[in-house]
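Report on one structure; see the data block that follows.
Read-outs: derived from the displayed coordinates by stated rules, not from any lab. Predicted model only: the values in this text are computed from it and were never measured. Please note: Cβ atoms are built from the backbone with ideal geometry, for glycine as well, and neighbour counts cover all protein chains shown.
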Amino acid sequence: MGSAVRSNLHVRLHSTIIAFTHYLLLFCMVPLPDHRPNQLSLGPLESEVLAIIWEQAPITATLIHDHLTRDPNRELTYPSVMTVLRRIEKKGWVTCERKDRSLWWKARMSRHEADMVLAHQQLQNFLSVGNPDIVAAFADSLDYASLEQIEAIAQRLRDVRQAQQQEE
């Protein structure tokens with residue numbers, strides 16, 4: 001990539017990031033959910049279990065275990081599933097309710113709400129860099145499609161802001 005193209009990418013990325021963060025921080029389109037997990041990071045098996053819960057909740061650990069072990073080559077014990085469930089419960093992702101003699105598991109937030117919380121955290125991590133020149137230095141690793149997507153998000157935020165001002 002030539003230096004002129006790279007420089008143009010840096011300038012466009014820099015201005016887009018400034019516009020994007022300005023509008024996002026000042027005029028959030030959707031509030032974050034009231035509940036946020038204590039710990040956002042999930043391991044691969046934890047993520048897989050949570051996905052099953054989102055699809056089929058409320059669901060028992062036995063049904064989760066059955067779903068995970070459909071593949072005959074996969075070895076996973078029921079106690080391992082319970083350990084994962086307790087772990088993601090402790091992290092604040094799921095809750096458990098006893099009905100009759102079974103424990104029924106459900107997510108504490110929808111998949112959409114979880115995506116919002118995770119995106120918010122990623123944005124906060126991104127903004128914590130603080131120096132626009134450092135952030136703009138990552139432009140070399142972006143392709144034009146990524147840059148256009150960032151610009152589309154910034155434009156959407158500008159449109160929302162303009163609509164909010166017209167309502168006032």
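A DSSP coil position with no more than 16 other Cβ atoms inside 10 Å describes the following GluC sites (Glu not before Pro) in region 45-100: E75. Simple spin-label estimate for T77 and D34 gives 4.0 nm between the two label positions (7 Å along the Cα-to-Cβ direction from each Cα).
What the Cβ-Cβ distance of Q149 and A57 gives, at R0 = 45 Å and to the nearest 0.05, is a FRET efficiency of 0.90. Which of the aspartates and glutamates could a cross-linker bridge to K99, judged by Cα under 18 Å and excluding same-chain residues fewer than eight apart? Of all the aspartates and glutamates, those that pass the test against K99 - Cα under 18 Å, at least 8 places apart if same chain - are E89.
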